[in-house]
1. Inspect all residues belonging to the range 34-54 and state whether any of them is part of a loop (DSSP other than H, G, I, E, B), within 20 Å of the chain's Cα centre (by Cα) and crowded, with 22+ Cβ neighbours inside 10 Å.
2. What's the number of the condition residue 364 fails, among (1) in a strand (DSSP E or B); (2) over 26 Å from residue 424 (Cβ atoms)?
3. If the requirement is being under 22 Å from residue 175 (Cβ atoms) and buried (at least 24 other Cβ atoms within 10 Å of the Cβ), which of these qualifies: 329, 342?
4. Being under 26 Å from residue 155 (Cα atoms) and without any contact (Cβ under 8 Å) to a residue 40 or more places away in the chain is the filter here, so list the residues in the range 1-38 that pass it.
5. Of the conditions (1) in a loop (DSSP other than H, G, I, E, B); (2) under 18 Å from residue 90 (Cβ atoms); (3) free of Cβ contacts under 8 Å to residues at least 40 places away in the same chain, residue 322 satisfies every one except a single condition; which number is it?
6. Within the range 102-135, count every residue that is buried (at least 20 other Cβ atoms within 10 Å of the Cβ) and in a helix (DSSP H, G or I).
7. Could you check residue 333 against (1) modelled with pLDDT of 95 or more; (2) within 22 Å of the chain's Cα centre (by Cα) and say which number it fails?
């Protein structure tokens, strides 16, 4: 069982020992540290924090613990209840709040939960701010409010609808064009918040929706990470229903994957590529994704006359570089779309609306649209960490072995070959080493990955 503290928040498994898992004690401690951080840094009265959660089973328990802890600190809470990560991100500035917490472990299985922490812009905290919160948590130096100065809780239950309205009001979203196409789409909401909000968005755009696993009960019917090996059911249902395509989101609705009309994966790497292609065709500019994302975004960006740059992995790193480069659109190859016109956060609702508009304006089906983009194939592998594995030593040895190639070390080790690349890094969200490779064929990508995996096994021995 595990507790992970990183720029992606405080994430852990439910149950077990304090300090080793996300127990009730740990939830209270880290909520106390976050609230104390806000009080110390903002130095103002009547602080307000927006809180929402995904549908995982432990959500109501963690939700109450975190809310009541903030109340105990004298901080007011706006409770969105069942929500999505991007909805909370949108709500924070709309409510003029001082911060936000999303209770979700994103793509992790049901035994996990997490506190994702936001600033007053509805954006993830910086690495330095996260480190400060961890220091506060370890110090146990919390000053709770007296009985006359406790915080309050205000419930707002319609923020997913408000979020949908914000998305539909974007200039590049053409609802009428989508309605005219009369799309039929299958939605896999992995029995979480996406099962509510994605169908609601689609219906407002005139789409016929076929629901699969859209009951928000937290019992994930498959591994919730939207990868091909987990999505057999929706791939089959898209073909059976003769749907135009399928939509898959993760439990907190910040990752987005499409199933083409032929039942094949569109490729989560190509979610960002397709949406960026549309956005850049209307508003040319620069793009950013992380180092583990496909080269296809670079190709599409340069086609439209823009400049592409890669950041370290982690949404906060992507956002920082997007701001620096004035990027029009960006995100991560895991199906995360960041469109600053609405907010600086990965947002599957934005991705769905822009993709639908793009498709509505093309005389193509989804499989043909995918075939129109530069062809790259990715292999995503991982090695479970054990106490005897020294990640730093492995990365250092790989740097030496491939010193004649282009090496980038801002986040683990990325090795760029002429026709492929490999990126090795320690995960921010799981106790694993991630090994991503990309090439022009799946066989080549798998071959590069196997070579690297074999070499790491040699090093570990």
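The values are calculated or read from the model by the stated rules, or taken from the named source; none is laboratory data. Everything quoted here is computed from the prediction, not taken from an experiment. Note: ideal-geometry Cβ built from the backbone for every residue, glycine included; neighbour counts use all protein chains shown.
1. Yes: one or more hits.
2. (1)
3. Among 329, 342, only 329 is under 22 Å from residue 175 (Cβ atoms) and buried (at least 24 other Cβ atoms within 10 Å of the Cβ).
4. Those that are under 26 Å from residue 155 (Cα atoms) and without any contact (Cβ under 8 Å) to a residue 40 or more places away in the chain: 23, 25, 26.
5. (1)
6. Count: 2.
7. Condition not satisfied by residue 333: (1).
The rows are residues; the columns are (1) touching a helix residue (DSSP H, G or I) at 6+ places or on another chain (Cβ under 9 Å); (2) free of Cβ contacts under 8 Å to residues at least 12 places away in the same chain; (3) under 22 Å from residue 312 (Cβ atoms).
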{"site": "384", "(1), (2), (3)": "no, no, no"}
{"site": "396", "(1), (2), (3)": "no, yes, yes"}
{"site": "399", "(1), (2), (3)": "no, no, yes"}
{"site": "413", "(1), (2), (3)": "yes, no, yes"}
{"site": "417", "(1), (2), (3)": "yes, no, yes"}
{"site": "423", "(1), (2), (3)": "no, no, yes"}
{"site": "453", "(1), (2), (3)": "no, no, no"}
